[in-house]
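A short write-up of the structure that comes next.
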Amino acid sequence: MPDCPTHNCGMVARQTQYGVRWQCRIPGCTVVCWDGSTSTPADAETRTARHAAHDAFDSLYRGRSAPWTRKEAYQWLACVLGKPQEQAHIGMCNQAECERIIRAVACLKADARRD
């Protein structure tokens, strides 16, 4: 069971259509995470940053004009974050790392347009 980093208390599991979602037991706290090893507890602001980073990043391997496979995109992400591949998951990123991902994707796309 993960702990809420804000209140240092255990989090409560809730089954959703997407899997198990953990949330802080303290009313009003926005800290949540998903079950598994690719998500860490995050407040609402960090989750918003993670969604934006995923929107940018996923375009690298999803859709007809995507330049890479999913595996290639995650290898690139590990390099951008300077982390081993098993730790290169947006669900583990803080806000600054999410902003770095968004900027890196934008630079990559700008370079591709110039070619």
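Taken together, the values in this text are just the output of simple stated rules run on the coordinates, not laboratory data. Just so we're clear, the structure is a prediction, and the values are computed from it rather than from any experiment. FYI the Cβ positions are ideal-geometry reconstructions off the backbone, even for glycines, and counts take in every protein chain you see.
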Exercise for the section: Kindly check whether there is at least one residue in segment 19-35 that is over 15 Å from the mean Cα position of the chain (by Cα), in a strand (DSSP E or B) and β-branched (V, I, T). Expected result: yes
Practice task
Determine the pairs where a residue that is closer than 9 Å to Q95 by Cα, located within segment 37-59, has a partner that is not charged (D, E, K, R) with Cβ atoms under 6 Å apart, the partner being 6 or more residues away or on another chain.
Solution key: T46/Q95; A49/Q95; A49/C98; R50/I90; R50/C98
Handout entry: Subset of segment 67-115 (residues that are of a type in the set (G, A, S), free of Cβ contacts under 8 Å to residues at least 12 places away in the same chain and out of contact with any Pro (no Cβ under 9 Å at 6 or more places or on another chain))
Key = G82, A96, A110
Practice task
Output the number of residues of segment 1-59 satisfying the condition of being among the hydroxyl-bearing types (S, T, Y) and touching a Pro at 6+ places or on another chain (Cβ under 7 Å).
Solution key: 0
Practice task
Pull up segment 63-88, narrow it to residues that are in contact with a helix residue (DSSP H, G or I) (Cβ under 8 Å, 6 or more places away or on another chain), assigned to a loop (DSSP other than H, G, I, E, B) and of a type outside the set (A, V, I, L, M), then point me to the one that is surrounded by the fewest Cβ atoms within 10 Å (Cβ to Cβ).
Solution key: P84
Fill in the blank from the handout: Among the residues of segment 39-51, the number that are of a type in the set (A, V, I, L, M) and crowded, with 16+ Cβ neighbours inside 10 Å is 2
Practice task
Could you list, in sequence order, all residues of segment 1-18 that are surrounded by 12 or more Cβ atoms within 10 Å (Cβ to Cβ) and not in a loop (DSSP other than H, G, I, E, B)?
Solution key: D3, C4, C9, G10, M11, V12, A13
